[in-house]
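I have placed the structure first, in the form of structure tokens, so that the comments after it can refer back to it.
What follows is calculated from the coordinates using simple rules that are stated; it is not laboratory data. Everything numeric in this text was worked out from a predicted model, so none of it was measured. Backbone-built Cβ (ideal geometry, glycine too); neighbour counts: all protein chains shown.
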Amino acid sequence: MALVSNRVGAFSAHFDRTRLFYTTKKSRKKYRNSALAAIISSMLMWIQTLKLRWHYGESNAQVYESYGFSYTGVIWTGILSLLYIEHDNVIGGVNRFLYYFQCFKQKWIPKVHDANLALYSKMLDMLILLTVSTCILFPLTITFYFTFFPNSAIYPGNIVPGGHLMKDNLLFKLICVSYCTWLACMTWYSIMSFVVMGTIYIASIFLVIREFKIDSSVHYALHALRTPNYLMDEYTTLHLLHQDLMKTFGQVFIFGHFVCSNMCIFCIYAVMRHWHDINTSTMILLSLWSVMIQIIWGMVLEVIGRFHLYLIKTMRSWKRVQFTNNTEAKLFFKCKRSKKPLIIGKDRVLTIKRLTVLKFFRQIIKATFRALLTVGQSN
């Protein structure tokens, strides 16, 4: 994942088994230049979209196509900017957690369970391989699209001054399509980096949290971990590491939730409002964007929501902790009241819970009905 993303400039870190994630001056400079090029491209796309909107209004089908591509530019601009600004915090936070998980395994899990953990690790590797393979292939859809539809307003040949004079030049076409493919790679590989790191994080932290759950059906760690002193110490350490990561990743989830919600609503409205005006290719593109975003983001919210519910059940199970005396029990529960379940997102802004996925789809459905009412009133 790090190798593929680093090649196209979508991620500045390398990975090594001993050094974990690390950066070099060359990779950092390459990432900065790639981010600047992508941000400038996004600005040019928005300028082109506003020009279309100003000259043709909503009657032109290319306005919606251009707006959709420009909105995806918001995704890569936001992710790349955040990764560049919070680079040290992201790399440091991920490395600290990976180091903590290694120490936790060495300290609490006997070697007799190495075979079980190896099986779990293989399943995680297969899931990551599937994610990486999918994200690697997605940019090819943009390549095919601009190869067969070069008249799109967002096509680089139509944005660059004087580009229409070279529209029949094969080399110029190849450069334009290659640039579009690179931008698609920047977008998808940036998303892939967050998805892969998030998958590793959720899978690893689930193993740790499961050992904290008193009534769990499977325990690999020593029983001493679930005694009052060690249990609260380990949970406090994990809580601090999680809070450190959420300083950056929490902003990513807020940004992602906002962008995905608005993108889905826009696609639905555009298709319904201008059903007879937009061409078939634009209609298919907008529909695919809406469906794909709803499926992917819905799965993310579902997994995180179930994880949050499991965390709540884990803390409730601490009522069954065995104490040596009443004083120990009072101190433990007093300390427990000061602890909260780990949250994905940002406190008081967006906390992803079990019902967040339902609220997300409810918002989409409500927006769909509003679009239908708007279409009915306009007709």
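3J(HN,Hα) couplings calculated from phi for the stretch 185-193 with the Karplus curve 6.51 cos²θ - 1.76 cosθ + 1.60 (θ = phi - 60°) are, in sequence order, 5, 4, 5, 6, 6, 5, 4, 4, 4 Hz; Gly and Pro show x. Over all orientations, the chain has a Cα convex hull whose mean projected area works out to 22.2 square nanometres.
Shape summary: the stretch 165-225 maps onto an equivalent ellipsoid whose semi-axes, from the alpha-carbon gyration tensor, are 53, 7, 6 Å in decreasing order. The Cα atoms of the stretch 273-379 define a convex hull whose projected area, averaged across directions, is 9.5 nm².
Two numbers describe the Cα atoms of the stretch 59-186: Rg and Dmax, which are 22.3, 70 Å. For residue 151, the shell of other residues with beta-carbons less than 14 Å away shows a net charge of 0, using +1 for Lys and Arg and -1 for Asp and Glu.
Straight-line reach from residue 111: taking Cα to Cα under 18 Å and skipping same-chain neighbours fewer than 8 places apart, the lysines in range are 122. P(r) for the stretch 223-281: what percent of alpha-carbon pairs falls in each 5 Å bin, starting at zero? Histogramming the stretch 223-281 at 5 Å steps yields 4, 15, 12, 10, 10, 8, 8, 7, 7, 6, 5, 4, 4, 1 percent. Exposed loop sites, defined as trypsin sites (Lys or Arg not before Pro) outside DSSP H, G, I, E and B with at most 12 other Cβ atoms within 10 Å, are absent from the longest region of the chain, namely 20-347. Taking Lys and Arg as +1 and Asp and Glu as -1, the other residues whose beta-carbon sits under 12 Å from that of residue 247 total -3. What pairs in 29/105; 213/330; 247/359; 213/339; 247/340; 319/353 have C-alpha atoms more than 26 Å from each other? The answer is 29/105.
Can you give me the Cα centroid spacing of the stretch 292-320 and the stretch 158-222 in angstrom? About 22 Å separates the Cα centre of the stretch 292-320 from the one of the stretch 158-222.
Of the peptides 232-238, 62-68, 219-225, 114-120, the ranking by mean beta-carbon count within 10 Å, highest at the top, reads 62-68, 232-238, 219-225, 114-120.
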